[in-house]
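The values are calculated or read from the model by the stated rules, or taken from the named source; none is laboratory data. Only a predicted model underlies this, so the values are computations on that prediction, with no experimental measurement involved. Heads up, the Cβs are rebuilt from the backbone with ideal geometry, glycines too, and the neighbour counts pull from every protein chain shown. Side chains included, ligands, DNA and RNA excluded: accessible areas come from the protein's heavy atoms. Shrake-Rupley method; radii C 1.70, N 1.55, O 1.52, S 1.80 Å.
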Amino acid sequence: MKPLNKARILTVLLKSLPILGVGAIATGICISAQAAVMTESLVQSYAAAMKSAANSQNIGQVAKLVSEDALISMSRKGKSTSLDKDAYLKLLQSSWSQTSNYHYDISIDNIVITGSQAKANVNTVESWVKDGKKVSFVTTSRVTLALSTGNAVLLRAVSQVTID
């Protein structure tokens, strides 16, 4: 019997690690350690991007700020409706096409961050001119923003709409 060679033993052990699943465990630990987390800065960047996209009526940019799984519940005068992403984008486009002098403003506060999500109070004011009259929609929402490709996107919104 040959004496054990330390270099040979090490080589055999290293080659065995993937078979034993140790490599996968180590890889999983590295990936978990690099997982992105939501920040208040990302929430504020979301607000700035949404304001810019809405004011330029850029539906493509707005779409990037809304999760594919988004659910938006809106209530006005006791009547509620729920919209998915597509319905929300269609409603927005319809509003833009029927009005002029559209302006959008947004403010966010009471931000609570947990891992890759943030919950926050969002207030928006949308104003426009329709049939020669100025109209303002004031929306107060509690939203959930989620991380998507390193940015915050709208995942859920429960909103109360008033018209001024």
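Conditions (1) out of contact with any Ser or Thr (no Cβ under 9 Å at 6 or more places or on another chain); (2) open to solvent by 40 Å² or more (accessible area, probe 1.4 Å); (3) farther than 16 Å from I72 by Cα; (4) of a type in the set (F, W, Y), marked per residue:
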| residue | (1), (2), (3), (4) |
| --- | --- |
| L91 | yes, yes, no, no |
| S94 | yes, yes, yes, no |
| T99 | yes, no, yes, no |
| D105 | no, yes, yes, no |
| T114 | yes, yes, yes, no |
| Q117 | no, yes, yes, no |
| T124 | no, no, no, no |
| S141 | no, no, no, no |
So N110 passes all but one of these: (1) touching a strand residue (DSSP E or B) at 6+ places or on another chain (Cβ under 9 Å); (2) within 16 Å of V161 (Cβ to Cβ). Which condition number does it fail?
(2)
Against the condition of a type in the set (A, V, I, L, M), over 19 Å from the mean Cα position of the chain (by Cα) and under 20 Å from V62 (Cα atoms), how does V138 come out, does it pass?
yes
Qualifying position, being in a strand (DSSP E or B) and closer than 18 Å to Q61 by Cβ, among L92, L145:
L145
Residue among A63, A70, A47 that alone is assigned to a strand (DSSP E or B) and under 12 Å from the mean Cα position of the chain (by Cα):
A70
Pairs where the first residue, in region 94-108, is touching a residue at least 60 places away in the same chain (Cβ under 8 Å) and the second is hydrophobic (A, V, I, L, M, F, W, C), C-beta under 7 Å, 6+ apart:
I108/V43; I108/A47; I108/A120; I108/V122
Just one of the numbered conditions (1) assigned to a strand (DSSP E or B); (2) among the small types (G, A, S); (3) over 15 Å from the mean Cα position of the chain (by Cα); (4) within 18 Å of V158 (Cβ to Cβ) is not true of A87; which one?
(1)
Any idea how many residues of region 73-84 are among the basic types (K, R) and outside any loop (DSSP other than H, G, I, E, B)?
2
So D86 fits all but one of (1) under 29 Å from S41 (Cβ atoms); (2) at pLDDT 95 or above; what number is the exception?
(1)
